[in-house]
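Where a number appears in this text, it was derived from the coordinates with a stated rule and is not lab data. Nothing here was measured: the structure is a model prediction, and the numbers come from that model. Backbone-built Cβ (ideal geometry, glycine too); neighbour counts: all protein chains shown.
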Amino acid sequence: MLKVEGLTCAYGKVMAVRDLTMEVRQGELVTLIGANGAGKTTTLKAISGVLPPVQGRIEFDGEDITGTSPRTVLEKGIAHCPEGRRIFPYMTVRENLEMGCFLRNDANAISEDMEGIYVRFPILYERRAQAAGTLSGGEQQMLAISRALMSRPRLILFDEPSLGLAPNLVEQTFDIVEQIRADGVTVVMVEQNALAALELCDRSYVLESGEVTLTGTGRQLLKNKKVQQAYLGG
């Protein structure tokens, strides 16, 4: 479904990702783990069109989308749920959800999807007329995820979905991600909580200094001594 080959990205003269190759099959939940600055967020930005790569190729369903605009990437079915949630704080919850489907023109289906979001997250229905910036951190994360879902993506990119959440909300967030995959949406997730990421995923890539150093199933990497020592406190 998604193929990334030889991806190299930079911020000015600073190389953030070097010759990265990865693939994601339809229906999978694939995670990227690694230390801060390893290039995980940069990889997602390149896939979603936010950061044009220096070189390399990104394919989605066999089509080259390298360097295309974020709008075009979204139109093709890839949604990006960025780090830090990035909701529109002065807009209402409902208006934030409407921003997620601004490229759609199927009004009836949009209404159905909105109702589906409210069924899945009743708190968003209760807060639908409230300014999004007044929500709790967990509620804002639900809103950010829901906004991405309103575009009806076939592939969704999650960047640190548990970041900054209270411990009791972290497990709930991972349950939501798992349910999204169960609903048929392919998922790529960047996550600092390596243990949770590896337990949840089908496959994972370990990034160090912008390069892939290990890859395997979640179960394989959980047993890997290097991964245990570096990321699991083993």
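Shape of segment 89-199 from its Cα gyration tensor (a ≥ b ≥ c, root eigenvalues): rounded if a/c is under 1.5, otherwise prolate when a/b > b/c, or oblate? Note, shape of segment 89-199 comes out oblate. A DSSP coil position with no more than 12 other Cβ atoms inside 10 Å describes the following chymotrypsin sites (Phe, Trp or Tyr not before Pro) in segment 51-118: 90, 102. With a sphere of radius 10 Å drawn around the Cβ of residue 162, what net charge do the other residues whose Cβ falls strictly inside it have (Lys, Arg +1; Asp, Glu -1)? Summing Lys and Arg as +1 and Asp and Glu as -1 gives -3. With θ taken as phi - 60° and the Karplus curve 6.51 cos²θ - 1.76 cosθ + 1.60 applied, the whole-hertz 3J(HN,Hα) list for segment 34-40 is x, 6, 4, x, 7, x, 5 Hz, x standing for glycine and proline.
Computed over the chain, relative contact order equals 27 percent, with contacts defined as Cα pairs under 8 Å that lie 6+ residues apart. Rank 103, 163, 29 by mean-square fluctuation in a GNM of the chain with C-alpha springs under 10 angstrom and give only the top-ranked residue. Checking each option, the largest mean-square fluctuation is seen for 103. Rounded to two decimals, the Cα radius of gyration of segment 2-231 over 2.2 N^0.38 Å is 1.00. The angle between the Cα long axis of helix 137-149 and the main principal axis of the chain comes to about 90°, on a 0 to 90 degree scale. Pairs of lysine residues in the chain that meet both criteria, 8 or more places apart or on different chains and Cα atoms under 27 Å apart, total 13. Just to confirm a number: summing +1 for Lys and Arg and -1 for Asp and Glu over residues other than residue 44 whose beta-carbon lies under 11 angstrom from that of residue 44, what do you get? Summing Lys and Arg as +1 and Asp and Glu as -1 gives -1. Of all DSSP beta bridges confined to segment 2-231, the antiparallel ones make up roughly 55%. Look at the alpha carbon pairs under 8 Å that are at least 6 residues apart: their mean separation over the length of segment 95-234 gives a relative contact order of 18 percent.
Between helix 107-120 and the chain there is an angle of about 80 degrees, using the helix long axis and the longest principal axis of the Cα atoms.
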